[in-house]
Amino acid sequence: MKTHSNKEPLMVKGDLGYWIHYGREGNYFHWMCDSLGDVFYFTGAGPYIITPRALRFRHVKESIELFPKKQFVEFDCTAPLYAIDHYTRILRPTRRCGLVDPFIVRQWNSMAKGFGGGPKRILIQREKRGFVGAKELAANYDLTIVEPERLSVVEQMQVFAEAEVVVGVHGAGLTNLMFCQGKPKVMEVRSPNFYNVSYREISRILGFEFHGLEAVGIQPEGAKGTNDHSLVCPDLPF
């Protein structure tokens, strides 16, 4: 990773740069699927420009290391138009944020080949928006609790690669479904007040058995946001 100041011209081998930016780099799902995922499309571009803001996040730094042959540059500017002063041409992302792209999902899945060693039956638990009574839930269904936000990107690839069952509350941890090499049974539990199809789509693209389940309770009671609450899991379809 090179760091470049905007006070002097940036000399590069090619004349085409790509701006990796969606504004939601802090979210693991959006970074992997919306932002960094574009690297799979624009294979002839270089360098790939990343802002200092994005590099504050651990998953950003770790994920770009998965592309050792790519040239990533930390560029100290806040708008792609500024970078035109330093690049002959620059590409900006145009796809709508949040769409699940089948090509990008399959490329991530391919990158995870050869990884493994993780548990077969996973219960994703997180600090925010997790399960009520996660330990009891895991014990009842013979699941291993995994907290993805405590793991490096490579460790997440290793943990999910051989999973046969994945249970989780809707959230970025389910992004790791892209790394599953088999055909796991996926159970996503969501709040009655929120609905999103991203992980259903990842499962469909990769041919997984998917079950979308609505929580039977929420704590604190009446919470309407998508964070800072825990869900009571319904009976799981085993």
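The values are calculated or read from the model by the stated rules, or taken from the named source; none is laboratory data. As the structure is a computational prediction, the values presented were derived from the model and not from experiment. Because the Cβ atoms are built from the backbone with ideal geometry, glycine has one as well, and the counts that use them run over all protein chains shown.
What are the residue pairs meeting all of these: first residue in the stretch 160-181, first residue under 14 Å from Gly114 (Cα atoms), second residue at pLDDT 95 or above and among the basic types (Lys, Arg), Cβ atoms under 7 Å, and 6 or more apart or on different chains? Matching pairs, first to second residue: Glu162/Lys120; Ala163/Lys120; Gln181/Lys113. Residue by residue through the stretch 129-170, note down the ones that are on the phi > 0 side of the Ramachandran plot and either among the small types (Gly, Ala, Ser) or in contact with a Pro (Cβ under 8 Å, 6 or more places away or on another chain) (or both). Within the stretch 129-170, Gly133 is the sole residue that qualifies.
Let's see how each residue does on (1) modelled with pLDDT of 55 or more; (2) outside the structural domain of Phe179 (by TED's automatic domain parsing); (3) surrounded by 19 or more Cβ atoms within 10 Å (Cβ to Cβ); (4) within 30 Å of Leu174 (Cα to Cα):
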{"site": "Glu8", "(1), (2), (3), (4)": "no, yes, no, no"}
{"site": "Gly23", "(1), (2), (3), (4)": "yes, yes, no, yes"}
{"site": "Ser35", "(1), (2), (3), (4)": "yes, yes, yes, yes"}
{"site": "Arg56", "(1), (2), (3), (4)": "yes, yes, no, yes"}
{"site": "Lys61", "(1), (2), (3), (4)": "yes, yes, no, yes"}
{"site": "Phe67", "(1), (2), (3), (4)": "yes, yes, no, yes"}
{"site": "Lys70", "(1), (2), (3), (4)": "yes, yes, no, yes"}
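With respect to the conditions (1) of a type outside the set (S, T, N, Q); (2) surrounded by fewer than 23 Cβ atoms within 10 Å (Cβ to Cβ); (3) farther than 15 Å from Val232 by Cβ, Met178 falls short on a single one, namely (2).
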